[in-house]
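Derivation of every value follows stated rules applied to the coordinates shown; laboratory data play no part. From a predicted model like this one, the values you see are computed outputs, not experimental measurements. Quick reminder, even Gly has a Cβ in these numbers, built from the backbone with ideal geometry, and neighbours come from all protein chains shown.
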Amino acid sequence: MAEEEKKEAKKLAPKKPNAKKRDMQNVKKRAQGRIVKKEINTATSVYKKGVKEDKTGAQGLLNRVFSLLDKAVKKGVFKRNKAARDKSKLHTLLK
């Protein structure tokens with residue numbers, strides 16, 4: 001996080017206020033997206049481990065991952081088709 005801020009400071013600073021605001025919004029949105037992606041990756045890995053151990057109990061984990069993917073699409077972190085592809089891949093593991 002600190003490295004990213006240093007990189008942001010190194011580039012030429014925008015002169016206009018709306019450009020400064022847009023830069024700050026982009027930094028916040030990027031950080032928020034990383035948090036969401038990390039949560040999805042964690043839930044996905046837990047689901048994959050759950051499928052290997054117990055396929056019947058993995059349905060609840062799959063629902064959790066689906067929910068996180070849908071929320072990420074709603075927030076604009078992922079596009080709809082990427083979430084659909086990921087859901088399809090995860091669902092095939094359950095079969």
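Quick one: of Lys49/Lys87; Lys49/Lys74; Lys15/Lys37; Lys28/Lys71, which pairs are farther than 21 Å apart, Cα to Cα?
Where the Cα-Cα span goes over 21 Å, the pairs concerned are Lys49/Lys74; Lys15/Lys37.
To the nearest 10 degrees, how steeply does helix 80-94 sit against the main Cα axis of the chain, on a 0 to 90 scale?
So the inclination is approximately 30 degrees.
Computed from the coordinates I sent, Cα extents along the principal axes in Å equals one of [x] 56, 29, 18; [y] 57, 25, 15; [z] 35, 29, 23. Tell me the label.
[y]
Quick check: the angle from helix 17-53's long axis to the longest principal axis of the chain, C-alpha only, nearest 10 degrees?
Its long axis makes an angle of about 20 degrees.
For the chain, find the longest principal axis of its Cα atoms and tell me its angle to the long axis of helix 58-75, 0 to 90°, nearest 10.
The two axes meet at around 30 degrees.
Ranked from highest to lowest mean number of other Cβ atoms within 10 Å per residue, what is the order of the peptides 74-81, 36-43, 21-28?
The packing order, highest mean first, is 36-43, 74-81, 21-28.
How high is the relative contact order of segment 22-94? Use alpha-carbon pairs under 8 Å, at least six apart in sequence, and give a whole percent. Kindly include the intermediate steps, with their values, before the conclusion.
On the way: 38 pairs, mean separation 22.1, N = 73.
Here the relative contact order equals 30 percent.
Could you give the dipole magnitude of segment 22-94 about its Cα centre, charging the beta-carbon of Lys and Arg +1 and that of Asp and Glu -1, in debye to the nearest 20?
With only Lys, Arg, Asp and Glu charged at Cβ, the dipole is about 400 debye.
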